[in-house]
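Okay, structure first, notes after.
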Amino acid sequence: MTYEYTIEFFSLQEAGGLGETSDTPNLVYACGEAGECTIRDLRVEQVEHLQEFLNEMGKERWELVQIFFYRIGAVSFWKRSIEEGND
């Protein structure tokens, strides 16, 4: 099977501004500027925006390979199969 790959960036602005407080946070593993990694809170709205992004990629047949969170967003690595013989 043959695959194609893409790398996508999901910014904090798209997530709705990480770092704001909420009564109903979710936890995420994230890394800071100095490279330290910790568990941080995300607002429900931020999780929903991330879910929408992941679902949109899935609708286009992309399969998530890896996602890395860092201080200004997340980088995600995707793959999807290429139908052979349709050149």
Which residues, counting only those in the stretch 46-83, are part of a loop (DSSP other than H, G, I, E, B) and touching a strand residue (DSSP E or B) at 6+ places or on another chain (Cβ under 6 Å)?
Arg61, Trp62
Residue count, the stretch 48-87, condition touching a helix residue (DSSP H, G or I) at 6+ places or on another chain (Cβ under 7 Å), surrounded by 15 or more Cβ atoms within 10 Å (Cβ to Cβ) and closer than 19 Å to Met1 by Cβ, comes to 1
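Since every read-out is calculated from the coordinates, none of them should be taken as a lab result. This one's a predicted model, so the numbers in the text were calculated from it and none came from an experiment. Here the Cβ is made from the backbone with ideal geometry for all residues, glycine too, and neighbour counts use every protein chain on show.
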